[in-house]
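Where a number appears in this text, it was derived from the coordinates with a stated rule and is not lab data. Just so we're clear, the structure is a prediction, and the values are computed from it rather than from any experiment. When we count neighbours, we look across all protein chains shown, and the Cβ atoms used for this are built from the backbone with ideal geometry, even at glycine.
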Amino acid sequence: MPPAPQSVTVRVPAKVNVQLAVGGRRTDGYHDLANVFFAVALGDQVTASPADTLRITVSGPDADQVPLDDGNLAARAARLLARRHGLAPDVHLHIAKDIPVAGGMAGGSADGAAALVACDALWGTATPRDILLELAAELGSDVPFALLGGVALGHGRGEILRPLPVAGTFHWVFAVADGGLSTPAVFRECDRLRDLAGTGSDTAAVPDPQADPALLDALATGDTVALAAALSNDLQPAALSLRPALAATLRAGADGGAIGTLVSGSGPTCAFLTKDEDSAAAVATALATSGTCRSVRVTHGPVPGATVLHRP
Ligand code: ATP
């Protein structure tokens, strides 16, 4: 028998939704989505080490905004996996947090996925991939994608995933806002704006969300200009309504040379697609000097999902 590992570190990506089509509000309060997830190199690292009890620690610029109790998706992931295997969830999970908190980049979900993979490796439970994906879906609708990575089309609440073909690498800049936006509040605002516009907000009033064939084609052929033209987010008007200052951030990125701009998921992080790496650096400089955001990140994708980095 090999000795039990002392710690396992997993790297996990943030996501941007290159398309987020939101259907009508269902009777259970959820919305059906057609959701094209795209994993970017900006990510968190979760390290699982043996401990006498379940313990969470967090480092990074937003660490003070991350719950350390069972509200943390990484803690819930450890409990869920332990229960599945009849184990005690005794583990120290350290989250090195780089994904903006409540930024619309699914940082909590990413940590949940990373904790599943890290605990599975630490405990030697060798959980089959399909069971890990099932547990991930139980944790939250964005968690399965963080396991999968790459680019994928999500249906239902986003948790039913189909990996999509992608050619090449795309270059992104993210503008991180001061403070977060609550995802449920943004969905509520989306419904309110639809009601206000007279179109209605339930499933009878809103067409079924569908993936955009032009967007899927742009990804498959690696056509950055076509992808930029096809980017869309039905939650963007709601995020802008709750945080009108984001309009200036989007404008600053476009003025700086971004070929595609959108609010990431439920916001308030803004995403900018650029022609190439040099153009990304120029957009980042324009955003950093615009005074319209807290910080700026240059990254690329797609990248793989939660991956074990370090296993001594
Ligand atoms: P999404 O894009 O999936 O809507 P988000 O990126 O907007 O999510 P998160 O960073 O996942 O938002 O955080 C949303 C809330 O989840 C936080 O305010 C926090 O209370 C809670 N949370 C739970 N676990 C974590 C975690 N590991 N990291 C950050 N936030 C967490």
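Couple of notes before you dig in:
- Residues in region 148-181 reached by a label modelled at A41 [backbone nitrogen below 19 Å; 7 Å Cα→Cβ]: 149-151, 166-176
- Cβ-placed point charges (K, R +1; D, E -1), dipole of the chain about Cα centre in debye, nearest 20: 240
- Charge dipole of the chain about the Cα centre (unit charges at C-beta), most positive-ward option of V186, V303, A115: A115
- Expected 222 nm ellipticity per residue - DSSP helices of 4 or more, -39500 (n - 2.57), all of the chain, to 500: -10500 deg cm²/dmol
- Taking the chain as a Gaussian network of alpha-carbon nodes connected by springs under 10 Å, the highest mean-square fluctuation of the residues A34, A288, A110 belongs to A288.
- Multiplying the residue separation of A96 and L193 by 0.36 nm and removing their Cα-Cα distance gives an extension gain of 31.2 nm.
- Shape of region 212-312, Cα gyration tensor, a/c cut at 1.5: rounded
- Candidates T292, T221, T249, ranked by Gaussian network fluctuation over the chain, Cα under 10 Å, top entry: T221
- Among A21, A228, A245: highest mean-square fluctuation, GNM of the chain, C-alpha pairs under 10 Å: A245
- Contact order for region 251-312, expressed relative to its length and based on alpha carbon pairs under 8 Å spaced 6+ residues apart, stands at 28 percent.
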